[in-house]
Amino acid sequence: MINITRTISIAENEIQLSFVRASGPGGQNVNKVSTAVQLRFDVGSSPSLPGDVRTRLIRLAGRRITQDGILIIEARQFRTQERNREDALLRLVQLIRQAVHKPKPRRRTKPSKAATERRIEGKKKRGEVKRMRQDASSPD
């Protein structure tokens with residue numbers, strides 16, 4: 001079990017890990033050892049996630065989620081499978097924790113009367129400065 005919050009935890013059989021060859025630095029092992037991790041988590045049909053968390057997670061995941069609702073996280077930062085596996089799981093947990101928090105709804109606000117007056121006053125002063133720069137009498 002992977003604990004996300006006190007109320008949400010994911011069973012390890014819901015997560016599929018596959019190891020692939022990583023590009024980039026790795027010395028002689030780069031062409032021999034599959035160290036990069038590809039984590040797959042089916043967000044759409046996961047019984048562990050509440051509905052509102054699921055929809056926020058899908059929105060947060062962006063292009064990392066497929067049309068079938070499968071979240072794919074690739075970790076290839078480290079040179080060992082174990083560290084990349086831990087990194088992928090940590091990123092999944094952080095993403096789900098981010099989706100758990102409900103965003104505060106935005107309230108439409110109106111500028112105060114004093115703020116509006118200050119803005120208009122600033123515009124008038126700026127216009128006055130520009131008017132003072134103009135030639136009052138054009139030479140004939």
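Please treat every number below as a calculation from the coordinates, not as lab data. Treat the numbers as computed from the prediction; the structure is a model and nothing was measured. Backbone-built Cβ (ideal geometry, glycine too); neighbour counts: all protein chains shown.
Bridgeable lysines around Lys113 (alpha carbons under 23 Å apart, same-chain partners fewer than 8 residues away excluded): Lys123, Lys124, Lys125.
The Cβ shell under 13 Å around Val37 holds other residues with a net charge of +3, Lys and Arg each +1, Asp and Glu each -1. Charge tally for Met132 (other residues, Cβ to Cβ under 12 Å; Lys, Arg +1; Asp, Glu -1): +3.
Considering only alpha-carbon pairs that sit under 8 angstrom and 6 or more positions apart, the relative contact order computed for the chain is 20 percent. A helix-only calculation puts the chain at -12500 deg cm²/dmol for mean residue ellipticity at 222 nm, using -39500 (n - 2.57) for each DSSP H run of at least four residues, averaged over all residues. Cα extents for the chain along the principal axes, largest to smallest and rounded to whole angstrom: 87, 44, 27. The charge dipole of the chain, taken about its Cα centre with unit charges on the Cβ of Lys, Arg, Asp and Glu (plus for the first two, minus for the last two), comes to roughly 1060 debye.
Other residues within the sphere of radius under 12 Å centred on the Cβ of Gln77, judged by their own Cβ, net out at +2 (K and R +1, D and E -1).
Taking 0.36 nm per residue of sequence separation and removing the Cα-Cα distance, the Asp135/Ala115 pair yields an extension gain of 3.9 nm.
State whether the stretch 48-115 is rounded, prolate or oblate according to the following rule on the C-alpha gyration tensor (a ≥ b ≥ c being the square roots of its eigenvalues): a/c under 1.5 gives rounded; otherwise a/b larger than b/c gives prolate, and the remaining case gives oblate. Prolate, because a/c is 1.5 or more and a/b exceeds b/c.
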